[in-house]
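Data first, discussion second: the structure below is written as structure tokens.
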Amino acid sequence: MKLVKLIENLVGLGIPGLILLVAISTSGFAGAAAITVALSTIGFGFGMIAGIGVLGFSLIISRAISKYGFEKIYSGTIKGLLDKGESKETILLKIKKYPISKELKLKLEELLKDSA
């Protein structure tokens with residue numbers, strides 16, 4: 001397969017394609033084994049099918065973010081969590097435990113403070 005065709009296929013997959021590419025490249029395997037390990041890893045230990053599900057879900061999320069913007073999606077999610085009975089304090093504790101960058105944690109914390 002030519003590189004241009006491969007890139008066209010990855011572009012067609014969008015964000016899930018990038019996630020899969022990174023997972024394959026860090027798997028330490030080659031060929032079908034790399035894809036199998038990558039999908040299992042993406043599936044958080046629940047197997048390849050779960051990995052495919054995570055990729056599908058990431059497609060939905062990435063399309064929503066590109067259409068509505070991160071802040072609107074985040075604000076709507078916070079509102080939903082608050083409506084379900086979560087407190088800002090419990091949401092903040094969860095944010096602090098997430099394995100994400102310090103910058104993103106600070107942004108999420110600021111958005112949480114600004115939310116009604």
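Before moving on, here are some points about what is shown:
- Of all residues in the stretch 60-74 being in contact with a helix residue (DSSP H, G or I) (Cβ under 7 Å, 6 or more places away or on another chain) and not acidic (Asp, Glu), the one that is nearest to LYS107 (Cα to Cα): TYR74
- GLY85 without any contact (Cβ under 8 Å) to a residue 60 or more places away in the chain, in the same structural domain as SER115 (by TED's automatic domain parsing), surrounded by 11 or more Cβ atoms within 10 Å (Cβ to Cβ) and within 30 Å of SER115 (Cα to Cα): no
- Residue that is in contact with a Leu (Cβ under 6 Å, 6 or more places away or on another chain) and surrounded by 12 or more Cβ atoms within 10 Å (Cβ to Cβ), where the choices are GLY17, GLY43: GLY17
- The conditions of being among the β-branched types (Val, Ile, Thr), part of a helix (DSSP H, G or I) and either surrounded by 13 or more Cβ atoms within 10 Å (Cβ to Cβ) or in contact with a helix residue (DSSP H, G or I) (Cβ under 6 Å, 6 or more places away or on another chain) (or both) are not met by ILE49.
To keep it simple, each residue is scored yes or no on (1) modelled with pLDDT of 90 or more; (2) assigned to a helix (DSSP H, G or I); (3) farther than 27 Å from LEU108 by Cβ; (4) within 16 Å of the chain's Cα centre (by Cα).
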{"residue": "LYS5", "(1), (2), (3), (4)": "no, yes, yes, no"}
{"residue": "LEU10", "(1), (2), (3), (4)": "no, yes, yes, no"}
{"residue": "ALA33", "(1), (2), (3), (4)": "yes, yes, yes, no"}
{"residue": "SER40", "(1), (2), (3), (4)": "yes, yes, yes, yes"}
{"residue": "SER58", "(1), (2), (3), (4)": "yes, yes, no, yes"}
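- When ILE100, ILE78, ILE91 are checked against the criterion of being out of contact with any strand residue (DSSP E or B) (no Cβ under 6 Å at 6 or more places or on another chain) and either at pLDDT 90 or above or on the phi > 0 side of the Ramachandran plot (or both), ILE91 stands alone in meeting it.
- Neighbours by Cβ (under 6 Å, 6+ apart or cross-chain): first from the stretch 98-111, in the same structural domain as LYS88 (by TED's automatic domain parsing) and among the hydrophobic types (A, V, I, L, M, F, W, C); second surrounded by 10 or more Cβ atoms within 10 Å (Cβ to Cβ) and assigned to a helix (DSSP H, G or I): LEU108/ILE95; LEU111/TYR74
- Matching residues in the stretch 61-81 - criterion: being without any contact (Cβ under 8 Å) to a residue 24 or more places away in the chain, hydrophobic (A, V, I, L, M, F, W, C) and over 20 Å from ILE19 (Cα atoms): ILE73, LEU81
- Selection from the stretch 12-26 of residues that are outside any helix (DSSP H, G or I) and at pLDDT 90 or above: THR26
The values are calculated or read from the model by the stated rules, or taken from the named source; none is laboratory data. Since this is a predicted model, take the numbers as computed values, not measurements. Cβ: placed from backbone, ideal geometry, glycine included. Neighbour counts: every protein chain shown.
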